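Rule-based calculations on the coordinates, nothing more; no lab input. Note that the coordinates shown come from a computational prediction; the quantities given were computed from them, not determined experimentally. Neighbour counts run over all protein chains shown; Cβ positions are idealised from the backbone, glycine included.
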């Protein structure tokens, strides 16, 4: 079924390309919604198809200039992959070289996709890029709202439909989840895990909070995002939502604007009231849904929120932490050494694979990108970067991740465009 999506998307792309129209929306759809393709009895990521198509489009457009930030990102990816390989050769020599080569090929598709996307989108108008990214997020919100409603009302049908598009050989899929209890406890939308749905919805929340056009519909999208995000029962979304909503009035506060003043006041009152009556709210939620009550309580208890991942004894990242302490400079490469699962935390995954060297490479790039957004006073992009880093403490999304691939392209290309606009 994923093949139908790609065919329709590619026909639309070729049509607009032939008529010299913007293809930014099709590009972001390819980056943000990536169905899998079935070949025989196996399923493969559609990113490989996306990579080939973007390469051919970039080749056809004969674009010679790759923006500064996209170039730096591609170079950073290459250096990080190199550090992973060095860590593997030094500290993980017993593992198979074939395993390393397989991992490297898998990782290489990300800088290739981002580089080709940067070449193509650099020719687009800045406003068209922003509009297309927003349009893609609207599509994502609508599709996930439909998916969540179906998962609530007809779980078995929803599971079959979603698996037909997004099945993953290495993930816990919809049918697998239902086999454990016959219904959804935490909703996943079109993704494999609730945390991914929560992460995507946090990005959407930030976007629409700062959207100034069509404010009536923005409220509808924000309401849908909150419904979807809450349904995911993802600590990532709950904590991120709390932080963003607390900061939003401060970022947008204008004492000369009565509407801004009142809006900030209302949000702060809601936050204060929720904090003061958290126990009463918790008990009410518990009478409705114990899982929902638990994830609500995590907002006010960071230890509870982080313990499943970061508890040094039983947390999901505990095995990686023990190994990172042994080789914290260069790491072990992107291969499991002692059966540890490389998961959950961006910081831990990068430190395990490439040590402090890989961490520094990645942080230097994002610091450079952050400075650019601060200098240009791009509030929405700054908060998107903030949300991006928050997501990294729950999912390995800072580099080589399909979850944030579209966001990274968007942030890099807008920085590239800011330089092009200055120099003409």
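Quick notes
- Given (1) 56, 53, 44; (2) 98, 59, 35; (3) 73, 60, 41, the label whose value is Cα extents along the principal axes in Å derived from this model: (1)
- All distinct Cα pairs of region 40-85 go into the 1/r average, and the inverse of that average, the Kirkwood radius, is 13.1 Å.
- Over all pairs of different C-alpha atoms in region 1-140, the reciprocal of the mean inverse distance, the Kirkwood hydrodynamic radius, equals 16.7 Å.
- Ratio Rg/Rh, restricted to region 289-408 and using Cα atoms, in which Rh is the Kirkwood radius: 1.02
- Arranged from fewest to most other beta-carbon atoms within 10 Å of their beta carbon, 368, 42, 352 become 42, 368, 352.
- Expressed as a fraction of 2.2 N^0.38 Å, the value expected for a compact globular protein of N residues, the C-alpha radius of gyration of region 56-129 is 1.41.
- Largest GNM mean-square fluctuation among 347, 363, 389, using the chain with Cα springs under 10 Å: 363.
- When only alpha carbons are used to place a centre, region 296-346 and region 183-201 end up 21 Å from one another.
- The equivalent ellipsoid that matches the C-alpha gyration tensor of region 129-274 spans semi-axes of 33, 16, 12 angstrom, in descending order.
- Separation between Cα centres of region 71-91 and region 203-225, rounded to whole Å: 38 Å
- Relative contact order (percent, whole number), region 1-125, Cα cutoff 8 Å, 6+ residue spacing: 31 percent
- Part-to-part distance (alpha-carbon centres) for region 383-420 and region 9-29, which is given in Å: 23 Å
- Residues 186, 123, 64, arranged from fewest to most other Cβ atoms within 10 angstrom of their Cβ, appear as 64, 123, 186.
- CD proxy at 222 nm, helix term only [per DSSP H run n ≥ 4: -39500 (n - 2.57); per residue of the chain; nearest 500]: -24000 deg cm²/dmol
- Whole-angstrom Cα spans of region 371-424 along principal axes, big to small: 39, 19, 14
- The relative contact order of region 97-184, computed from alpha carbon pairs under 8 Å that lie at least 6 residues apart in sequence, is 18 percent.
- For the chain, built as a Gaussian network whose Cα springs stay under 10 Å, the top-fluctuating residue of 89, 54, 239: 89
- For the chain, modelled as a GNM whose springs connect Cα atoms under 10 angstrom apart, the maximal fluctuation among 129, 98, 196 occurs at 98.
- With only the Cα atoms considered, region 124-172 has a convex hull volume of 97 Å³ per residue.
- The ranking of 187, 193, 65 from fewest to most other beta carbons within 10 Å of each one's beta carbon is 65, 193, 187.
- Relative contact order for the chain, counting Cα pairs under 8 Å that sit 6 or more residues apart, in percent: 21 percent
- Tail fraction, Cα-Cα pairs, region 299-340, threshold 11 Å, whole percent: 67 percent
- Distance in nm between pseudo-label sites at residue 389 and residue 128 (7 Å out along the Cβ direction from Cα): 3.4 nm
- Range of Cα positions in region 1-59 per principal axis (Å), largest first: 40, 20, 18
- Calculated on the Cα set of region 263-350, radius of gyration then Dmax: 18.7, 53 Å.
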